[in-house]
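First comes the structure, then the notes that go with it.
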Amino acid sequence: MKFLEDKILSDGKVYPGNILKVDSFLNHQIDVGILAAIGEAFYEQYKNRNITKILTIEASGIAIACAVANHFEVPVVFAKKSKSLNLGDDVYVSRVSSYTYGKEYDATVARDYLSSDDHVLIVDDFIAIGNAMKGLIEICDQAGAKVEGIGICIEKGFQNGGDDLRQMGYDVTSLAIIDEMDNGRIVFRNQE
């Protein structure tokens with residue numbers, strides 16, 4: 001989507017190691033106008049899929065999920081990265097390896113909030129190698145929930161996460177796909 005690509009070009013920063021910082025508008029400080037446009041874009045893509053839950057992983061995906069859920073008028077469920085005492089033991093769990101942080105964690109969702117009756121749209125801010133999304137898919141599988149689609153704000157197209165999910169048969173919508181990043185330069189994939 002052109003609005004997100006333009007915002008990335010104007011406010012994003014490229015750092016060594018293929019790191020794109022968009023924390024000034026997407027995942028630390030949030031531009032609510034961009035967030036609203038993201039919510040509407042994912043709604044338009046998946047509005048005919050009988051979505052009953054929006055699923056994400058803490059923390060950066062929560063604001064995006066809320067913007068999307070507002071359009072669908074359904075709840076947001078977010079997988080917790082650390083098990084809290086008040087979560088209990090009746091949970092779905094998937095072991096996820098974080099590309100960004102270089103460590104593993106258990107993504108956890110209480111069984112009360114996801115079931116075989118649910119039609120799920122999974123959303124997140126980034127996808128690189130796709131481990132977080134695969135973990136959320138595994139949680140949906142454990143619940144018997146149907147994954148109707150995966151909405152990603154920014155896909156690092158030079159890594160394999162989005163393509164892997166597409167090859168697995170999932171409907172992945174990435175609003176901006178970056179094919180190259182180097183020396184501060186960003187090249188987007190033509191999605192038309």
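What the table shows:
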{"quantity": "Search result, residues across segment 44-102 that are surrounded by fewer than 22 Cβ atoms within 10 Å (Cβ to Cβ), within 25 Å of LEU20 (Cβ to Cβ), in contact with a Phe, Trp or Tyr (Cβ under 9 Å, 6 or more places away or on another chain) and at pLDDT 95 or above", "calculated": "ILE62"}
{"quantity": "Residue in segment 145-152 that is at pLDDT below 95, surrounded by fewer than 19 Cβ atoms within 10 Å (Cβ to Cβ) and of a type in the set (Lys, Arg) present", "calculated": "no"}
{"quantity": "LEU121 being within 17 Å of ILE62 (Cα to Cα) and touching a Gly at 6+ places or on another chain (Cβ under 8 Å)", "calculated": "yes"}
{"quantity": "Enumeration of residues in segment 118-140 that are outside any strand (DSSP E or B) and more than 15 Å from VAL77 (Cα to Cα)", "calculated": "ALA128, ILE129, GLY130, ASN131, LYS134"}
{"quantity": "Failed item in (1) without any contact (Cβ under 8 Å) to a residue 40 or more places away in the chain; (2) in a strand (DSSP E or B); (3) under 26 Å from GLU44 (Cα atoms), with THR173 passing the rest", "calculated": "(1)"}
{"quantity": "Residue check for VAL93: in contact (Cβ under 8 Å) with a residue 40 or more places away in the chain, more than 14 Å from the chain's Cα centre (by Cα) and under 23 Å from GLN159 (Cβ atoms)", "calculated": "no"}
{"quantity": "Single condition LEU55 does not satisfy, out of (1) free of Cβ contacts under 8 Å to residues at least 12 places away in the same chain; (2) farther than 25 Å from SER10 by Cβ", "calculated": "(1)"}
{"quantity": "Residues satisfying the stated conditions in segment 104-143, i.e. basic (Lys, Arg) and either more than 17 Å from the chain's Cα centre (by Cα) or within 18 Å of ALA69 (Cβ to Cβ) (or both)", "calculated": "ARG111"}
{"quantity": "Conditions (1) free of Cβ contacts under 8 Å to residues at least 12 places away in the same chain; (2) touching a His at 6+ places or on another chain (Cβ under 8 Å): number failed by LYS146", "calculated": "(1)"}
{"quantity": "Residue in segment 158-165 that is aliphatic (A, V, I, L, M), over 20 Å from ALA37 (Cβ atoms) and out of contact with any Ser or Thr (no Cβ under 6 Å at 6 or more places or on another chain) present", "calculated": "yes"}
{"quantity": "Number of the exception - SER174 against (1) surrounded by fewer than 20 Cβ atoms within 10 Å (Cβ to Cβ); (2) hydroxyl-bearing (Ser, Thr, Tyr); (3) closer than 18 Å to GLY61 by Cβ", "calculated": "(1)"}
{"quantity": "Segment 28-43, residues that are surrounded by 11 or more Cβ atoms within 10 Å (Cβ to Cβ) and either in contact (Cβ under 8 Å) with a residue 40 or more places away in the chain or among the polar types (S, T, N, Q) (or both)", "calculated": "ILE38, ALA41, PHE42"}
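The values are calculated or read from the model by the stated rules, or taken from the named source; none is laboratory data. Here the structure is a predicted model, which means the values were calculated and not measured. Reconstructed Cβ throughout: ideal geometry from the backbone, glycine too, with neighbour counts over all protein chains shown.
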